[in-house]
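Below is one structure, written out as structure tokens; comments come after it.
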Amino acid sequence: MSCPISLLVTKLREHWEETNSKVMQRKAQLDAMLADSQRYEAKRAEVEAWLARMEGRLERMGPVGHTADVLEAQLREQKSFHAELHQYKQHIEVFQHLTQKLIAVYQQDDTTMVKKMTEQVNVRYGNLNASIIARGKMLHTAMNSLQNFDRSLDKFLAWLSEAESSVEGIEADAEARAAAALSTATPVSGSRRDQHQAAVRMPLAQLKPIQ
């Protein structure tokens, strides 16, 4: 009887040790998963806070301006925003790496929520990048249009100045011609002047007896 009992005890001990080993392995795995999850959550909170700040900043940007000074200020703002997006990209990549690690290492666990949250972050970052690039194009188009208008206006003003100078020249020439024509007109002779005066006095003399 002792032999079977000792054999049973040995088997139970081996089973317990095997079970305990699996439990300890699972515990170590869960501890590692917890640490990875905490790192993931911390990074997610950091990234989402940054995304919210950048989204608010983008929403506060006013409509595209119509003057050079406003457009220049908006272009500086756009470049600064785009530069910060580019610099923060490394943090997005770290977050994506943490996601991939959770999915790869813990394939037997449910990582659906992790995938969903990471996709949302990627979409928000992509929307920010696309929006600021589109705004940059609109600002550059507006600035080019304004510069083209300024060049056209300069050309028109130059033409107008030239036209005014031409008109002034024509007027001056016409006045000079008129003055020259008056100065060269034939003067009335003395005898003809006397004849005209006599012709005027004659009707007056005829009117005196009637009075």
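Just so it is clear, none of the values below were taken in a lab; they were calculated from the coordinates. No experiment lies behind these values; they were computed from the predicted model shown. Glycine also receives a Cβ, built like all others from the backbone with ideal geometry; neighbour counts cover every protein chain displayed.
Just to check your reading of the model, which residue among 94, 121 is under 30 Å from residue 140 (Cβ atoms), assigned to a helix (DSSP H, G or I) and touching a helix residue (DSSP H, G or I) at 6+ places or on another chain (Cβ under 7 Å)? It would help to see each step written out before you state the result.
On the way: 94 fails: under 30 Å from residue 140 (Cβ atoms).
Going through 94, 121 in turn, just one is under 30 Å from residue 140 (Cβ atoms), assigned to a helix (DSSP H, G or I) and touching a helix residue (DSSP H, G or I) at 6+ places or on another chain (Cβ under 7 Å): 121.
Residues to consider are 69, 31, 36; find the one that is in a helix (DSSP H, G or I) and either under 30 Å from residue 138 (Cα atoms) or under 33 Å from the mean Cα position of the chain (by Cα) (or both). Let's see the steps before the verdict.
On the way: 31 fails: either under 30 Å from residue 138 (Cα atoms) or under 33 Å from the mean Cα position of the chain (by Cα) (or both); 36 fails: either under 30 Å from residue 138 (Cα atoms) or under 33 Å from the mean Cα position of the chain (by Cα) (or both).
One residue alone meets the criteria, 69.
Looking at region 97-117, which of the residues that are free of Cβ contacts under 8 Å to residues at least 24 places away in the same chain and in a helix (DSSP H, G or I) is surrounded by the most Cβ atoms within 10 Å (Cβ to Cβ)?
Here is the first cut: in region 97-117, the residues free of Cβ contacts under 8 Å to residues at least 24 places away in the same chain are 97, 100, 103-104, 107-108, 110-113, 115-116.
Subsequent filtering for residues that are in a helix (DSSP H, G or I) retains 97, 100, 103-104, 112-113, 115-116.
Numbers: 97: 11, 100: 12, 103: 15, 104: 9, 112: 9, 113: 8, 115: 13, 116: 10.
Checking each candidate, the answer is 103.
Looking at (1) surrounded by 15 or more Cβ atoms within 10 Å (Cβ to Cβ); (2) under 21 Å from residue 124 (Cα atoms), can you tell me which one residue 80 breaks?
Result: residue 80 fails condition (1) only.
Scan region 80-92 and report the pairs whose first residue is in contact (Cβ under 8 Å) with a residue 24 or more places away in the chain and whose second residue is part of a helix (DSSP H, G or I) and β-branched (Val, Ile, Thr), with Cβ atoms within less than 7 Å and a gap of 6+ or a chain change.
Sorted first by the residue in region 80-92, then by its partner, the pairs are 81/132; 82/132; 85/132; 91/47; 92/47.
Limited to region 39-66, what total is found for residues that are under 14 Å from the mean Cα position of the chain (by Cα) and either within 18 Å of residue 125 (Cβ to Cβ) or surrounded by 13 or more Cβ atoms within 10 Å (Cβ to Cβ) (or both)? Don't jump to the end; show me each part of the working.
Filtering region 39-66 down to residues under 14 Å from the mean Cα position of the chain (by Cα) leaves 57-66.
Checking the rest, the ones that are also either within 18 Å of residue 125 (Cβ to Cβ) or surrounded by 13 or more Cβ atoms within 10 Å (Cβ to Cβ) (or both) come to 57-59, 61, 64-65.
Residues meeting the conditions: 6.
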